[in-house]
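Let me begin by presenting the structure, written as structure tokens, before commenting on it.
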Amino acid sequence: MKTFVSSISQKEFPINEKFIGGAIRKSIFYSILKDHADFTKKSTIALSELNFYRQKYLANYLLEEVGELTSLENDVLETIANNEMITAKSITADEGADFSVGQRLADAVASFGGSWKFIIIFGLFIAIWITSNIVFLMNKGFDPYPFILLNLILSCLAALQAPVIMMSQNRQEEKDRERAQKDYMINLKAELEIRTLHEKLDHLIIHQQQELLTIQQVQVEMLDDIMKQLNLKRE
């Protein structure tokens, strides 16, 4: 397998990882130049070493934009370095989340209390309660009009249900904040990936231009040889 020696580390790498200094984006080229003053446009660098300076450039870019890297920005840089998907990482984190019994109970109560099923069941309960006391028990039952016991039950139910629903709403707000953070991370990674993609496209364009120039030079040399041969035949 063909190899080359990197001008950065003086180590051997596969030839398919070879990058020329002239094909690197200027901002990243200057970042390499800060650490290696002898690095020129004709110097070579391996893909793994170039990725290190790309990540360093992205980190410096974020520092200039936001002032200080938070855990979100560090997570984005980590996913770029490890070539991971943010969505896959988020799904794994969600699956590993351990909710307490109280949290699950609050979600269940809020879900049931905000459904038509609860409204219909509770409406039937109140209708049966009032009908049984007025019609069947002739308003002399266990809770005659004005239904003091029923009002007490309704008040207690509302007093207990309200904080449970608020707990569930607080958990929903936490989920919304987490979704907003994930959206921010995905958008940030997309922006950084686009910047890296531009650098790769520049490299490909420069590489293709170099190949075309080489082909043109070979064609010119071939034409010169043909012209020489024709001139010799004429002579």
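Of note:
- Expressed as a whole percent, the accessible area of the stretch 15-62 that falls on carbon and sulfur atoms is 56 (1.4 Å probe).
- Linear extension gain, Val220 paired with Phe122, 0.36 nm per residue minus alpha-carbon span: 26.1 nm
- Annotation: amide H-H contacts under 5 Å for Phe4 (H modelled 1.01 Å from N, sequence separation of 5 or more, or interchain): Phe13, Ile15.
- Protein-only accessible surface at a 1.4 angstrom probe places the residues Val109, Val220 in the order Val220, Val109, largest first.
- Sparse-neighbour loop sites [chymotrypsin sites (Phe, Trp or Tyr not before Pro); the stretch 124-187; at most 15 other C-beta within 10 Å; DSSP]: Phe142
- The residues of the stretch 1-57 present an accessible area of 61 Å² per residue when probed at 1.4 Å with all protein chains retained.
- For the set Lys18/Lys56; Lys26/Lys182; Lys34/Lys189, the pairs lying more than 28 angstrom apart at their alpha carbons are Lys26/Lys182.
- Remark: the stretch 3-20, residue by residue, has Karplus-estimated 3J(HN,Hα) of 10, 9, 9, 6, 6, 7, 9, 6, 10, 8, 9, x, 5, 6, 9, 7, 10, 8 Hz, where x stands for each Gly or Pro and the curve is 6.51 cos²θ - 1.76 cosθ + 1.60 at θ = phi - 60°.
The values are calculated or read from the model by the stated rules, or taken from the named source; none is laboratory data. Treat the numbers as computed from the prediction; the structure is a model and nothing was measured. Glycine gets a Cβ as well: all are built from the backbone with ideal geometry, and neighbour counts include every protein chain shown. Note: accessible area is taken over every heavy atom of the protein model, side chains too, but ligands, DNA and RNA are not part of it. Shrake-Rupley method; radii C 1.70, N 1.55, O 1.52, S 1.80 Å.
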